[in-house]
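Since the structure comes first, as structure tokens, the remarks are kept for the end.
The values are calculated or read from the model by the stated rules, or taken from the named source; none is laboratory data. Everything numeric here is computed off the predicted structure, so don't read it as measured data. Note: ideal-geometry Cβ built from the backbone for every residue, glycine included; neighbour counts use all protein chains shown.
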Amino acid sequence: MVVRHGATAWSTAGRHTGRTDVPLDAAGEDQARHLGERLKGPIFSRVLCSPLGRARRTCQLAGFGDRAQITDDLAEWDYGDYEGLTTDQIRRDRPGWTLWHDGVQGGEAIDQVAARADRVVALVRGGRGDVLAFAHGHVLRVLAARWLGLAPMWGGALLLAPAGLGVLAWEREAPVLGRWDDDGGPALPPD
């Protein structure tokens, strides 16, 4: 199971928050506590966590801080020159820019993020039992794409809101998304 950290001032404003250690805001702290209630049932053999404070704080408030193994491979994408900027600000100089197709200047290439995600996938698949991972929106989206055997750019199709969780699972021998972007709100009515 993967969990995106709770809300921060930057995530709420739509700012690209890679390596800047922006803390959870009050809503993010509440989201993290709520995650703790939602995650009480399953038994996890291992808990992984990004080294960045917002993920570590979410992990702690959810009740897993004492079990967390800090994993540098779960750090958010290094946005380089785009750190702290919104998509609209970036597009003033690069019309039509998207992270997933155009990348960043002065930061990590998508293939570098994918290599980190692949190491996490290998770690999880090489162990036994269910794993819980606390990290960040874009790296978790790449991780999900790689879990499914897709090119990392397909992470762009997998929105993951603050405090959203996803289940990377198996259907027989095939990796699948068991659940995605579940924020604990009411289910959508059927069509």
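Where in the stretch 97-167 are there helices (runs of 4 or more DSSP H), lying fully within it, with 2 or more residues that are touching a strand residue (DSSP E or B) at 6+ places or on another chain (Cβ under 9 Å), under 22 Å from residue 65 (Cβ atoms) and modelled with pLDDT of 95 or more? Walk me through it before giving the result.
Numbers: elements: 99-102, 110-125, 137-147.
Correct list: 110-125, 137-147.
Determine which member of the set 21, 25 is surrounded by fewer than 19 Cβ atoms within 10 Å (Cβ to Cβ), free of Cβ contacts under 8 Å to residues at least 40 places away in the same chain, under 26 Å from residue 88 (Cα atoms) and more than 16 Å from the chain's Cα centre (by Cα).
25
How about the stretch 153-179: which of its residues are exposed (fewer than 14 other Cβ atoms within 10 Å of the Cβ), closer than 27 Å to residue 8 by Cα and among the aromatic types (Phe, Trp, Tyr)?
If the condition is that a residue be exposed (fewer than 14 other Cβ atoms within 10 Å of the Cβ), closer than 27 Å to residue 8 by Cα and among the aromatic types (Phe, Trp, Tyr), then no residue fits.
From the list 141, 146, 125, 116, which one is in contact with a helix residue (DSSP H, G or I) (Cβ under 7 Å, 6 or more places away or on another chain), free of Cβ contacts under 8 Å to residues at least 60 places away in the same chain and either more than 17 Å from residue 79 (Cβ to Cβ) or aromatic (Phe, Trp, Tyr) (or both)?
Of 141, 146, 125, 116, the one residue that is in contact with a helix residue (DSSP H, G or I) (Cβ under 7 Å, 6 or more places away or on another chain), free of Cβ contacts under 8 Å to residues at least 60 places away in the same chain and either more than 17 Å from residue 79 (Cβ to Cβ) or aromatic (Phe, Trp, Tyr) (or both) is 146.
Starting from residues that are over 25 Å from residue 112 (Cα atoms) and not basic (Lys, Arg), keep the ones in the stretch 60-92 and report whichever is surrounded by the fewest Cβ atoms within 10 Å (Cβ to Cβ).
Once the filter is applied, the top-ranked residue is 66.
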